[in-house]
C-alpha cells in the first residue's frame, strides 16, 4: 500500500461506515429497555421485556430448536466435511474439479432455491416413504448447506500441508492411523475449527432454508418472522440484544485465538530458522 | 484452555441430544391457528389438565393454510379454517371426521352455528368464533365518513388505507362495493372487481393482515378493513378508532376447529378441541381476541354490557345484510389465484 | 499411492449425499417447472411468466441499484481500511463482520422501527422542525401543496434498497479489502519509482489488481439481493413484489402453484449460474469461505 497513513478523511469514512452499520442495532438495544411498547419514543427504563421474554415459551422453544439443530448440524457437517475434504484432496484432478463445482452449488445458489428444492424433495419422498417435514428434514437441510463451507475451509489447509510430513511420520514408526491423527489432523485443525464455527453461525442465522424445510417445527428466525407479522412487541428487541452480546463475545474469543495462533506460528517459524 | 472449550462443547451437545430424546416421550398436540386468535395462557392449563404439551404455530390466511396442507409433508392436529375453506377441504378430502364422543362440550355450542352449509352433517368441525367484517378508521384522521365501502377506495386518504392480504377477502370488498354477490362465478363481474382492486393499489399503504394492529393503533394508517373481533381489540387499545359495518353489506363468517387428514395425534386433538369449548376457556379467549363465541353457555354468562356491544354481537338488521362465503368451483378459484398473483406483482 | 486411493474413498459418502440432497432436488425443480398438475410436459409455466416481467425487472433493477450503492460505498472503505496497521485492521474487520452475524430478520426489523411514519427518524424530524420547514417551503413554492406530517420512507422501493445495502455491504467490503491487502508493496513502490503520483498509482496499479475482489463482492451482493423475499415484505409493505416473494407465494403463500414457482426458481437459478461462471473465471471459492 502507499506508505502514507490514513488522514482524517480516511478515518472519518471508516467511522461513518461503522456508525451506519451499528446505529440500527444500537436503536434496537436501547428500545429493548423502553418502558412502553413504542419503538421510537423513549418513555423510561425497564427490564420488563426481558422478563417477558423468559416466560415466552414459544420463543424459548424456538431458541432451543435452533441451538439443537445448529450444534448437531455443525458437528455432523464438520466431521463429514473433513473426511470429504481429505477424500477429495486425494482424488485425481479429473474427478476433483467437477465435484468441487457441485460442492459450490449450495454456496453460490440463492437460499430460496436451496430451500424450495429441498422442500420439493422432502415432500416428494415424504409422500412415498411416509415421513413428514420436521426436525429430521430441518437437520438434513442444515447439514447439506453447511458441509460445502466446511470443505471450503479445510481444503486450503490440506493444500498447504507438506506431503512429506505424512511419510516422515511413518518413517519414524507411526502406523497409518497414528500418522493421520497425530500429524495431519493437528495441521488442518485451524481449518476444521473455522469450518465448525462457520457452520454453526450459518445454521443459527438461517431463515429461508428453515422456513421451507422445518414443517411444524420452528426455529428462532421463523419465530421472529412470525412475530413481525402480528403485533410487534419489544421482546424482539430484547432477544436481539441477547443475541448481539453473545455473538460479540464469541467473535472476541475467536479473534483472540487467531491472534495467538499467528504469534505461535511466527514463533515456530523463527525457532525453525534457528 | 482449548481442551476445556472442546469438553464444554461436547458436554452441551450431549445434554441437548439427551433432552431432545427425553422430551419426545411426551404427548403433544400440534395446533395451527390464526395469529392473535387465542389466549396463550390456556396452554399451560391444558397441559396441567391432560399432560399434553401444545405446540402452537400461526398462519395468516385461509389460503396460506390451504397451501401448507396441500403441499404435504407437515402434520398438524388442529387447524382453524373459516367456513368456505372448510367446505373446500371437505370436498377435497383433507379433513378427518371428528369422534364427537371425545368432544362432549359440543352440546354447549349454540345450535344456530351447527349444521350450517359448510358442514351440513356436522362431522368435521366444531365452531370456535364467529363474526363479521367491518371498517375501522381513525377519527382524528377521517372526519365523519359515509358508512360505505367507498371509504376504502377513496383517494382522499391515499397512502393511508390498508387492505386485506388475501384474495378472498380483498375481492369481497370490491364485490360488495360493486353490489355483486360475493360468491359470484361470473367472469365479467370478477374482472370488474379485479380492476377496482388494481385501481386501488396505488392509494394503499399496504396489504396487511395482523400487521394492521400496530398500524391502526399507532396511527400509521387512517382506514383499514378487518374482522370484527380484531377491530374491537384495536379500539380498546386506541380510543381514537371507530368502526362501522358498510351499508352495502358485509361478510359473516364462522371459524371452526378441524382435524386435518392424517393427523398424528387425533385423540389429543379432540381433547384440545373439547377443552376449547369449556365455558371459562371460551370466555378467556373471547376476552383476549375480541371475537364472539358460539357457545350458548358462555353467552349466558356474559353481562348486559357485553351482550349489547354491537361489534361483538351485531344486530339482526346488520346480520341480515351479510353474506357468507361458500366454496367456489375450481376454475373460479384458479381465476382468484391468477388475479391475486397479478395484483400483488 | 495405495494410501491415496484409500484416502479418496472417504469422499464417496459425501458424493452420494450431494447427489441426493443437492443434485436431485434441483432436477426435481426442473421437472416441476416443465410439467403441470397432471404430470404432462408443458411450457405453460414459462408462458405464464410473461405476465410477471414487471417483477423480474423490478428485482433486477433494485438489486443492481443496491449493488452499485454497495460498490460506491464499499470500495473506498476497503481501500482506506487496507492502509491501516494490522492490529487496527483486525479489529475493524471484526467490527464489520459482527452485524452480519446478527440475525438477518432482526437487522431488517431494526430499520422498520427507524423508518416508519411514526418511527424514530420521522419523530426526530418533526421534533427538530424539519417537517414544518419543508411544509413552509412547499406552500411558498406552490399553491396546491398539501402539507405533510411525515416523510414517507418505509414501504417504498428506496427502503428495500436500503435494506439490501445494509444487509450486504460487508460482503462487498471484505472481498475487496482482502484482495487489496495482498497487493505486493513492491509493485506499488516500483510504480512510484517510475514517477507515478498517488492518483495514477491507484488508477493503473491498485484498481486493476483489485478487480477480482470487486467481482467477488458484486456477486456476493447481487445474488442474495435478487432472491430476497423478506426485505420486500417488511420494508416494502407488500406492494413491491420481488422474485423471492413471487416464488414464496407459489409455495407457502396464498396462491398455490408449485409448477409456476419451480419455473421462476429455474430462471433465478440460471441468473445465479451465470454469476457463478463469471466468478469462477477470477478465482476459486475458497476466498469467499475464508472471508466469511
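Throughout, read-outs are computed from the coordinates displayed, never taken from laboratory work. Source: prediction; values computed, not measured. Neighbour counts run over all protein chains shown; Cβ positions are idealised from the backbone, glycine included.
Tabulated values for the structure
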item	result
Point-to-point label distance, residue B:267-residue C:64, nm (Cα→Cβ direction, 7 Å offset)	6.3
DSSP-defined antiparallel bridges as percent of all bridges, the protein assembly as shown, nearest 5	60
Global geometry of chain C, whether rounded, prolate or oblate, following the gyration tensor of its Cα atoms and the 1.5 cut on a/c	oblate
Segment residue B:310-residue B:112, extension gain: residue separation times 0.36 nm, minus the distance between their alpha carbons	69.4 nm
Semi-axis lengths, Å, chain B, gyration tensor of Cα atoms, sqrt of 5 times eigenvalues	36, 25, 22
Footprinting exposure proxy for A:54, C:260 (fewest neighbouring C-beta atoms within 10 Å first)	A:54, C:260
Virtual spin-label span in nm between residue A:274 and residue B:237, 7 Å along Cα→Cβ	7.0
Sorted by Cβ neighbour density within 10 Å, fewest at the top, the residues C:48, B:27	B:27, C:48
Helix-only mean residue ellipticity at 222 nm for chain B, each DSSP H run of n ≥ 4 adding -39500 (n - 2.57), per residue, nearest 500	-12500 deg cm²/dmol
Using alpha carbons only: equivalent-ellipsoid semi-axes of region A:97-158, gyration tensor based, whole Å	26, 12, 10
Range of Cα positions in region B:214-345 per principal axis (Å), largest first	47, 46, 32
FRET efficiency for residue B:39 and residue C:278, using Cβ-Cβ distance with R0 set to 56 Å, rounded to 0.05	0.55
Cα-based shape type of region A:193-274, given that a ≥ b ≥ c are square roots of the gyration tensor eigenvalues and the cut on a/c is 1.5	oblate
Mean-position separation - Cα centroids, region A:58-110 and region A:146-200, in angstrom	16
Simple label model, 7 Å out from Cα along Cβ direction - residue A:35 to residue B:93, nm	6.2
Peptide C:24-32, shielding by other chains (average Cβ, 10 Å cutoff)	6
Ranked B:297, B:63, B:316, criterion: other C-beta atoms within 10 Å, fewest first	B:316, B:297, B:63
On Cα atoms only, tilt of B:2-23 relative to the major axis of chain B in degrees	70
Once the Cα gyration tensor of region B:44-187 is diagonalised, semi-axes √(5λ) in Å	35, 20, 17
Kirkwood hydrodynamic radius (C-alpha pairs) into Stokes-Einstein, the protein assembly as shown, 20 °C and 1.002 mPa s, D in µm²/s	71
Cβ-derived FRET efficiency at R0 41 Å, residue C:211 paired with residue A:60, nearest 0.05	0.30
For region A:1-100: rounded, prolate or oblate by the Cα gyration tensor [a/c cutoff 1.5]	oblate
Rounded FRET efficiency, nearest 0.05, which uses the C-beta distance separating residue C:187 from residue A:252 and R0 of 35 Å	0.50
Acute angle (nearest 10 degrees) that the helix A:185-205 long axis makes with the longest principal axis of chain A, alpha-carbon atoms	20
Angle in degrees between helix B:228-237 and the longest Cα principal axis of chain B, rounded to the nearest 10	80
Region C:112-137 versus region A:23-50: alpha-carbon centroid distance in Å	19
Region C:163-232: Rg to Rh, with Rh as the Kirkwood radius over Cα pairs	1.17
Helix-only CD estimate at 222 nm, as mean residue ellipticity for chain A, using -39500 (n - 2.57) per DSSP H run (n ≥ 4)	-26500 deg cm²/dmol
Among beta bridges that DSSP assigns inside chain B, antiparallel share in %, nearest 5	55
In Å, descending, principal axis extents of the Cα set of chain A	72, 65, 33
